[in-house]
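Visitor: Here it is, the structure in full.
The values are calculated or read from the model by the stated rules, or taken from the named source; none is laboratory data. Fair warning: this is a prediction, and the values are worked out from it, not measured in the lab. Backbone-built Cβ (ideal geometry, glycine too); neighbour counts: all protein chains shown. Just the protein is used for accessible areas: all its heavy atoms, side chains included, with ligands, DNA and RNA removed. Shrake-Rupley method; radii C 1.70, N 1.55, O 1.52, S 1.80 Å.
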Amino acid sequence: MTRTGLVAFRLCVGLSGIVWVEAAATEPLTAEGAVKLALQRNSQVIGAEAAVLDARSGLYGAYSGVLPRLNGSVTRSGQWQQERTGAQVFGGFVSPIDRSDYEDFSTLPSLDGSWSVLNFSSLTGLLSARNGLQAAQFQRRATRQDAALATRREFYEVVKAVRLAQVAAGALHLAHDDERRVRALFEVGSVSKSDLLKAQLRTAQSVLDSLTARQAVINQRILLARQLGLKESEMQEVDTLLIAEPREYDETSLLAEARRIRPDLLAADAELRAARTGLRSANLLRMPYVTLGGGLTYRPKSAFKVTTFDTSGVPLPAPLVEAGNSKDDLQYNARISLNWDLFTGLATESRIAAAQARLVRAKDGYDALDRNLQSEIHQALLAYREATEREQVARSAVESATENLKLTQEKYNVGSATILELIDAQVQLQRAQSDIVSALAAIRVAEAQVDRVRGRAE
């Protein structure tokens, strides 16, 4: 391949990549895509991730109470004394101290360790921290499912608003056409001025309905963008396809499934276990505990130098210098101790009271979830069945309104129906179309709600 051909080939590949990226960026936003964005950027989801990190930090802190500790250090120290003088008593006699300078240097590489080998409070606290981390992880799943449900709800509100805006736009177009026809008939004397005024009123109402519908689309888009953690201007257009297939749910199986896998219930159970073990750990603070300790110093060394200037107050002809050093290969020590915190200034009582409060809250939270679980599932199924029935009624109404419009149009064409009757038939069809859009959106939201109460919303 020539150099020119290679450049052209690379240019074509680059342009095709740009076109593909732009096409991908302009694809409509689906419900699953919105959920995926929300799980990455939603503030509640991010807060749940932070809560898991906090719980993991608590677990690491609990491990520090049962694992050994080891400290290493290298110390280099020096000591200096200048012009040391005075007197000392030895054997009942006072003798002067020789005037001298003193300096000393030492190097101490050392390791020091301790281990609380038999601390029942720390061991039980570790179990509590593990249960707390498990509770935070389950709660993160529950928060993600809540975010997914809220996102789907906001998404289908946007879809409903867009579809209703389309219906309103179609109604406005029909209103303008009908007004023109009524005006033409009024000018030739076929209808009264009252009929023209009614047509104009319908057009004005259709304009207001269209403006309201368009504003509702913007408002719902803003709410959805907020749920996704985006600006409304950064969010692409949503996929307005609404398809709902009826499903069959068994309330008993849903209840059993929810008790088995629903994350908020599992989180409440783990938090209850963590609170119970936490209270046990706080009570065990009153018990004695055993610790092991030891230290090791590897090859410590020191050096000193003494410079003497006089003896018994008599100056020396020349200063007397004495020096020395010492080295050891290894120094080590070991200890075992039995500790009992007899009084801690009410710190133990404070921890016990806090643990009791945590247990009360955890038990109430678990009981509330367990008590309301069956009613939540029953309520979600009622909402789903209501939405499906509304969709069936709305679909039947659309079929009837369509047939009525056809008959009224035929009557109007042969002169046996007035223009107002035709307009009324069109209005009835538009209302039926709006109802079926709302019913379909309600079905998708109800499906998401059923999945949430069973523990499969994500």
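Visitor: Given the conditions (1) exposed (fewer than 15 other Cβ atoms within 10 Å of the Cβ); (2) closer than 26 Å to Ser116 by Cβ; (3) of a type outside the set (Asp, Glu), and given that Val314 satisfies all but one, which numbered condition is not satisfied?
Guide: Val314 satisfies all of (1) exposed (fewer than 15 other Cβ atoms within 10 Å of the Cβ); (2) closer than 26 Å to Ser116 by Cβ; (3) of a type outside the set (Asp, Glu) except (2).
Visitor: For Arg226, state whether it is among the basic types (Lys, Arg), within 30 Å of Arg163 (Cα to Cα), out of contact with any Lys or Arg (no Cβ under 9 Å at 6 or more places or on another chain) and in contact (Cβ under 8 Å) with a residue 24 or more places away in the chain.
Guide: Considered against the rule, which asks whether it is among the basic types (Lys, Arg), within 30 Å of Arg163 (Cα to Cα), out of contact with any Lys or Arg (no Cβ under 9 Å at 6 or more places or on another chain) and in contact (Cβ under 8 Å) with a residue 24 or more places away in the chain, Arg226 comes out as no.
Visitor: Continuing with this model, one more query. Is it the case, given these coordinates, that Arg351 is open to solvent by 100 Å² or more (accessible area, probe 1.4 Å), farther than 30 Å from Val453 by Cα and in contact (Cβ under 8 Å) with a residue 60 or more places away in the chain?
Guide: yes
Visitor: Can I ask one more? Quick check on this structure: which one of Leu420, Leu429, Leu405 is surrounded by 15 or more Cβ atoms within 10 Å (Cβ to Cβ), modelled with pLDDT under 90, of a type outside the set (S, T, N, Q) and touching a Ser or Thr at 6+ places or on another chain (Cβ under 7 Å)?
Guide: Leu429
Visitor: Now, a different point. Given the conditions (1) crowded, with 16+ Cβ neighbours inside 10 Å; (2) under 29 Å from Val360 (Cα atoms); (3) at pLDDT below 95, which single one is not true for Ile261?
Guide: (1)
Visitor: To continue, here is another question. Looking at (1) exposed (fewer than 13 other Cβ atoms within 10 Å of the Cβ); (2) among the charged types (D, E, K, R); (3) in contact with a helix residue (DSSP H, G or I) (Cβ under 7 Å, 6 or more places away or on another chain), find the lone condition where Arg390 falls short.
Guide: Exception for Arg390: condition (1).
Visitor: Would you confirm whether or not segment 136-148 contains a residue that is part of a helix (DSSP H, G or I), touching a residue at least 40 places away in the same chain (Cβ under 8 Å) and touching a strand residue (DSSP E or B) at 6+ places or on another chain (Cβ under 9 Å)?
Guide: no
Visitor: Look at Ala199 and say whether it is surrounded by 14 or more Cβ atoms within 10 Å (Cβ to Cβ), under 30 Å from Asn42 (Cα atoms) and among the aliphatic types (A, V, I, L, M).
Guide: Judged against the criteria, Ala199 is not a match.
Visitor: Continuing with the same structure: I'd like the full set of residues that are modelled with pLDDT of 95 or more and either in contact with a Phe, Trp or Tyr (Cβ under 7 Å, 6 or more places away or on another chain) or farther than 12 Å from Gly125 by Cα (or both), limited to segment 272-294.
Guide: Listed by number, the list holds a single entry, Leu272.
Visitor: Condition check: among the polar types (S, T, N, Q) and either open to solvent by 60 Å² or more (accessible area, probe 1.4 Å) or more than 30 Å from Ser116 (Cβ to Cβ) (or both). Does Ser400 satisfy that?
Guide: yes
Visitor: Give me the pairs, please: first residue somewhere in segment 425-449 and in contact (Cβ under 8 Å) with a residue 24 or more places away in the chain and under 11 Å from Arg395 (Cα atoms), second residue anywhere and open to solvent by 10 Å² or more (accessible area, probe 1.4 Å) and among the acidic types (Asp, Glu), beta-carbon distance under 7 Å, and either six or more positions apart or on two chains.
Guide: As it stands, the answer is Ile436/Glu391; Ala439/Glu391; Leu440/Glu391, since those pairs meet every condition given.
Visitor: Working only within segment 171-216, note down all residues that are outside any helix (DSSP H, G or I) and modelled with pLDDT of 85 or more.
Guide: Hit for segment 171-216 is Val188, nothing else.
Visitor: Could you tell me how many of the residues in segment 239-255 are at pLDDT 90 or above and touching a Lys or Arg at 6+ places or on another chain (Cβ under 8 Å)?
Guide: Counting residues in segment 239-255 that are at pLDDT 90 or above and touching a Lys or Arg at 6+ places or on another chain (Cβ under 8 Å) gives 1.
Visitor: If only one of Leu381, Leu338, Leu342 is open to solvent by 70 Å² or more (accessible area, probe 1.4 Å) and in contact (Cβ under 8 Å) with a residue 24 or more places away in the chain, which one is it?
Guide: Leu338
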